[in-house]
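This report concerns only the one structure given below.
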């Protein structure tokens, strides 16, 4: 996906990542493995699925709706600012799907595989979304 | 995840000191398996995937920048790091 498409997501937009509640540690930090791209050989898009707040708000939905779509008994949601992810060497673009509004993609610049320490950095930078079950 | 990757993961875990606490295990969407420990000031994790080039050890002190080295050839280093971490408790 060309970088000019990534520029369509504003820096101040919030990026949501759905993670399993079981993968949140007692200190509130997600496990590093939560921030992996999908496996390349499974026929999927080979990126980390995210959701953009501006589209969710435009659709008059909320992050709670996103959590409930995935199943609030199993999943929760953590957040980043787009600018933070870009500063970490991630690129983002919109990739709508039928599951929920605001779906997008996050992948390393240059399409490299995210290393374990890069995943760890994302885990530490992610913020829990307040008010979720 | 391929069997040889699971074997590499098991071999690395088997070399950890006896008193090593149970880690948090995680399987990523990229078909990697990870184990991580938060012990006092230290954070240690390992990752193994189908591609051996992604096998790694991550070590971090006081939530600073994580350092990463390949797991291949460094399992004794992982053992040594964990020994030091456990002695610090």
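The values are calculated or read from the model by the stated rules, or taken from the named source; none is laboratory data. If you're wondering where the values come from, they're calculated on a predicted model, not measured in any experiment. Virtual Cβ from ideal backbone geometry, glycine too; neighbours counted across all protein chains shown.
Tabulated values for the structure
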{"read-out": "Residues being touching a helix residue (DSSP H, G or I) at 6+ places or on another chain (Cβ under 9 Å) and not in a strand (DSSP E or B) - total across the range B:56-73", "value": "5"}
{"read-out": "All strands (runs of 3 or more DSSP E) inside the range A:34-133 with 1 or more residues being within 14 Å of another protein chain (Cβ to nearest Cβ), surrounded by 15 or more Cβ atoms within 10 Å (Cβ to Cβ) and touching a strand residue (DSSP E or B) at 6+ places or on another chain (Cβ under 6 Å)", "value": "A:48-52, A:75-81, A:103-108"}
{"read-out": "Selection from the range A:19-33 of residues that are facing chain B (nearest Cβ under 7 Å), in a loop (DSSP other than H, G, I, E, B) and touching a residue at least 12 places away in the same chain (Cβ under 8 Å)", "value": "A:31"}
{"read-out": "Output for the range B:25-40, where each listed residue is surrounded by fewer than 18 Cβ atoms within 10 Å (Cβ to Cβ), in contact with a strand residue (DSSP E or B) (Cβ under 8 Å, 6 or more places away or on another chain) and at pLDDT 95 or above", "value": "B:25"}
{"read-out": "Test: residue in the range B:35-43 that is closer than 16 Å to residue A:29 by Cα, in contact (Cβ under 8 Å) with a residue 40 or more places away in the chain and touching a helix residue (DSSP H, G or I) at 6+ places or on another chain (Cβ under 6 Å)", "value": "yes"}
{"read-out": "Pick from the range B:74-89, criterion assigned to a helix (DSSP H, G or I) and over 12 Å from residue B:44 (Cβ atoms), ranking: farthest from the chain's Cα centre (by Cα)", "value": "B:87"}
{"read-out": "Single condition residue B:7 does not satisfy, out of (1) over 24 Å from residue A:22 (Cβ atoms); (2) not in a helix (DSSP H, G or I)", "value": "(2)"}
{"read-out": "Yes/no for residue A:15 being away from chain B (no Cβ under 14 Å), under 27 Å from residue B:38 (Cβ atoms), under 13 Å from the mean Cα position of the chain (by Cα) and in a strand (DSSP E or B)", "value": "yes"}
{"read-out": "Failed item in (1) more than 12 Å from chain A (Cβ to nearest Cβ); (2) within 18 Å of residue A:27 (Cα to Cα); (3) under 12 Å from the mean Cα position of the chain (by Cα), with residue B:11 passing the rest", "value": "(2)"}
